[in-house]
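Peer 1: Right, I'll just put the structure down here and ask away after.
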Amino acid sequence: MAAPEVISHWRDSGRIPRFFGIDARSTFPLLFFLVHIKLWSFIVAILATVVFGLIERYGFSSVVFVRIIRSLLAGRRKVVKPWWLEDKMH
């Protein structure tokens, strides 16, 4: 019996998993909807999927988008010393 032909390669392990063209990580709200079937959970799942789709449409992955939001929330000032060790004379 011949060995089966390998269609994928190890380099494909870094690709983003897709579920019918949608980033598979954005389908977790849909899973939540399947566990808790209510109208509001359906709306939340659809809105989350649309938001993740828009993020991807503009060329960002979900991880990169979270990093951008985190840097915007952190602000421009980056403190090197903890606040309790800073000089109080300024």
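No lab work stands behind these numbers, since they all come straight from the coordinates. Given the structure is predicted, the values throughout are model-derived calculations rather than measurements. Cβ coordinates were reconstructed from backbone atoms using ideal geometry, including for glycine residues, and neighbour counts include every protein chain displayed.
Peer 1: Among 80, 51, 64, which one moves the most in a GNM of the chain with springs linking Cα atoms closer than 10 Å?
Peer 2: 80
Peer 1: Let me ask something else about it. Just grab the label-to-label distance for residue 22 and residue 76, each label 7 Å out from Cα along the Cβ direction, in nm (one decimal).
Peer 2: 4.0
Peer 1: Follow-up. Find, among the GluC sites (Glu not before Pro) in the range 1-88, those assigned to loop by DSSP (not H, G, I, E, B) with at most 16 other beta-carbon atoms within 10 angstrom.
Peer 2: On the way: sites: 5, 56, 86; in loops: 5, 86.
For GluC sites (Glu not before Pro) across the range 1-88 that sit outside H, G, I, E and B with at most 16 neighbouring Cβ atoms in 10 Å, the list reads 5, 86.
Peer 1: Does the chain come out rounded, prolate or oblate by the C-alpha gyration tensor, with a ≥ b ≥ c the root eigenvalues, rounded set by a/c under 1.5 and, if not, prolate when a/b is larger than b/c and oblate if not? All intermediate terms of the calculation are to be shown ahead of the outcome.
Peer 2: Values: a/c = 3.09, a/b = 1.61, b/c = 1.91.
Oblate shape, in that a/c is at least 1.5 and b/c is the bigger or equal ratio.
Peer 1: Give, in nm to one decimal, the length gained when the segment between residue 85 and residue 64 is fully stretched (0.36 nm per residue of separation minus the Cα-Cα distance).
Peer 2: Details: separation 21, 0.36 × 21 = 7.56 nm, distance 3.26 nm.
Stretched fully, the residue 85-residue 64 segment lengthens by 4.3 nm.
Peer 1: Only four residue types carry charge here, +1 at the Cβ of Lys and Arg and -1 at the Cβ of Asp and Glu. Report the dipole size of the chain about the Cα centre in Debye, rounded to the nearest 20. Before the final figure, lay out each step's value.
Peer 2: On the way: 13 positive and 6 negative charges, 94 e Å.
Approximately 460 debye in magnitude.
Peer 1: Then there is this: Is it possible to state the helix-based mean residue ellipticity at 222 nm for the chain, with each DSSP H run of 4+ residues giving -39500 (n - 2.57), the sum divided by total residues, to the nearest 500 deg cm²/dmol? What is it? Spell out each step's value before the answer.
Peer 2: On the way: 3 runs with 40 residues, N = 90.
Counting only the DSSP helices, I get -14000 deg cm²/dmol.
Peer 1: Assuming a ≥ b ≥ c are the square roots of the Cα gyration tensor eigenvalues, decide whether the range 37-79 counts as rounded (a/c under 1.5), prolate (otherwise, with a/b larger than b/c) or oblate. Don't skip to the answer; put the middle values down first.
Peer 2: Values: a/c = 4.59, a/b = 1.99, b/c = 2.30.
Oblate shape, in that a/c is at least 1.5 and b/c is the bigger or equal ratio.
Peer 1: Relative to the longest principal axis of the C-alpha atoms of the chain, give the angle of the C-alpha long axis of helix 39-57, reported between 0 and 90° and rounded to the nearest 10°.
Peer 2: 80
Peer 1: Can you pull out the trypsin sites (Lys or Arg not before Pro) in the range 1-73 that DSSP calls coil and that have at most 13 other Cβ atoms within 10 Å? Before the final figure, lay out each step's value.
Peer 2: Values: sites: 11, 15, 18, 25, 38, 57, 67, 70; in loops: 15, 38.
Sites meeting the loop and neighbour criteria: 15, 38.
Peer 1: Any idea what angle helix 62-74 forms with the longest principal axis of the chain, computed on alpha-carbon atoms, 0 to 90 degrees, nearest 10?
Peer 2: Between the helix axis and the principal axis of the chain, the angle is about 10 degrees.
Peer 1: Using a Gaussian network model on the chain with a 10 Å cutoff between Cα atoms, which of 13, 71, 26 fluctuates the most?
Peer 2: 13
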